[in-house]
1. Can you work out ³J(HN,Hα) from phi for every residue in region 263-277, in order, using Karplus 6.51 cos²θ - 1.76 cosθ + 1.60 and θ = phi - 60°, giving whole Hz and x for Gly and Pro?
2. Just the number: Rg to Rh for region 77-229, Cα atoms, Kirkwood Rh, two decimals.
3. With the Cα gyration tensor of region 17-165 in hand, convert its eigenvalues to equivalent ellipsoid semi-axes via √(5λ) and list them largest first in whole Å.
4. Non-local amide H neighbours of Thr174 (under 5 Å, H modeled in plane, Pro and chain starts lacking H): which ones?
5. So, with +1 on the Cβ of K and R and -1 on the Cβ of D and E, and no other charges, what is the size of the charge dipole of region 27-110 about its Cα centre, to the nearest 20 debye?
6. Taking the alpha-carbon distance from Lys329 and a cut-off under 24 Å, which lysines remain once sequence neighbours fewer than 8 residues away in the same chain are dropped?
7. Normalized C-alpha radius of gyration of region 185-264, against 2.2 N^0.38 Å?
8. Residues of region 178-209 with the amide nitrogen closer than 12 Å to a label point 7 Å from the Cα of Glu230, along Cα-to-Cβ, please.
Amino acid sequence: MADDTTDTKSSNQMWGGRFASGPDAIMEEINASIGFDKKLFAQDIRGSIAHATMLAHQGIISAEDKDKIVHGLNTILSEIESGNFEFSRQLEDIHMNVEARLATLIGPAAGRLHTARSRNDQVALDFRLWVKEELQKTEQMLTGLIAAFLDRAEEHAESVMPGFTHLQTAQPVTFGHHCMAYVEMFGRDRSRVRHAIEHLDESPIGAAALAGTGYPIDRHMTAKALGFREPTRNSIDTVSDRDFAIEFLSIAAIAGMHLSRLAEEIVIWSTPQFGFVRLSDAFSTGSSIMPQKKNPDAAELVRAKTGRINGSLVALLTIMKGLPLAYSKDMQEDKEQVFDAAESLELAIAAMTGMVRDMTVNTARMKAAAGSGYSTATDLADWLVREAGLPFRDAHHVTGRAVALAESKGCDLAELPLSDLQAIHPDITDKVYDVLTVEASVASRKSFGGTAPSEVRKQIAFWRARN
């Protein structure tokens, strides 16, 4: 999308004067943005209707011209939505394509639409409206993903599984508690989305090329008509700002990272070695040569799409980092990055929501794994502190000896005879066996935010109330 003051040749006859000669093929190829910015057609037309309505209200154009403009714009909107609009590369961008068609439909009155505005504030408006709508869509999709996790968490509030650190068995947790960890993650993502909407909720239209306008416009009127909280407060920053796009990409990258972590767990959990979950054929594929295989392709592709989103963020940060105020044509390269990231994020959230609801959880396999790796060792150490009065570091040492003994005998801690445990420390009694099962371990973790089923249900109730 070109700056209204850009000193380049253009085949667009609407420029007139010395800009009327046609560019060569290379200039046309690098300059045109209609191939991707036509995605902004609805926002462009909506903004133009609000602008024309304000111009008429302020007496800058006549009511008759406003009516012609609004009718013509609605006609163009219908043509584009029905697929009957012919976009032209020679007209460079969505703004000039719409304006040229409007001139054909209503004649000279179309030329009054661009009064008191520039393509600089026009594209800032269109893009900001599009990003705002995309953020609102993202908020709804994240709410759906959170709801899917809340359902699974409630279903498995007592289902025991191994908790991991370093991907090594650490302590028993419940699958419901594990699901609630993702609720927290995606809840933060949704909070970031809401903050981003608040940050960008200012209308750019009326900033014109960079200095504002001498026409008696009412920017508060257009801001209200377009659903913004208020107009922007500095015309130079308005046409220079792409923070809203960068913030969207930042949010998308963080959410994509969370989705990728979940995807990785599903990939691991669905292996025969783990066998914690199974995806239906709707979210997995078979092998072309190995009939026994079932590949978690949907999860793998979610994991991969995070790379595309990250790339878009880095690309736009790099585009913007060296630009002086105000507008530069470099900023035409912002939209493809955002459009691609938005498409990737939407698809990834939708796929992950589907997988969370679709997967079959093997609770028996999880429970068996929860007791492996001496996962209740910390519970033994805690028991020694509580019941035998040992300092934790001493209890840690005693527990380490018990684990070593169990390893040498090829059994779990709960299977060690009391005599063996008492040989390590004489104050151990048979009551210790009450804490060495995985069920007893998770039930004891009643601290706020802990894995005890009672605490998991409290957090589910909290999130259901706010979701």
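1. Karplus-based 3J(HN,Hα) across region 263-277 equals 4, 4, 5, 5, 4, 5, 5, 8, 6, x, 5, 9, x, 6, 9 Hz.
2. Numbers: Rg = 24.4 Å, Rh = 19.9 Å.
That ratio is 1.23, to two decimals.
3. Numbers: eigenvalues 384, 90, 37 Å².
Working from the Cα gyration tensor, I get semi-axes of 44, 21, 14 Å.
4. The list, which skips near neighbours in sequence, is Met161.
5. On the way: 7 positive and 13 negative charges, 44 e Å.
Its charge dipole is roughly 220 debye.
6. Lys9, Lys38, Lys39, Lys132, Lys321
7. Numbers: Rg = 16.5 Å, N = 80, 2.2 N^0.38 = 11.6 Å.
Relative to the rule-of-thumb radius for its length, region 185-264 sits at 1.41.
8. Correct set: 201-203.
The values are calculated or read from the model by the stated rules, or taken from the named source; none is laboratory data. Predicted model only: the values in this text are computed from it and were never measured. Glycine gets a Cβ as well: all are built from the backbone with ideal geometry, and neighbour counts include every protein chain shown. Heavy atoms of the whole protein, side chains included, go into the accessibility calculation; ligands, DNA and RNA do not. Shrake-Rupley method; radii C 1.70, N 1.55, O 1.52, S 1.80 Å.
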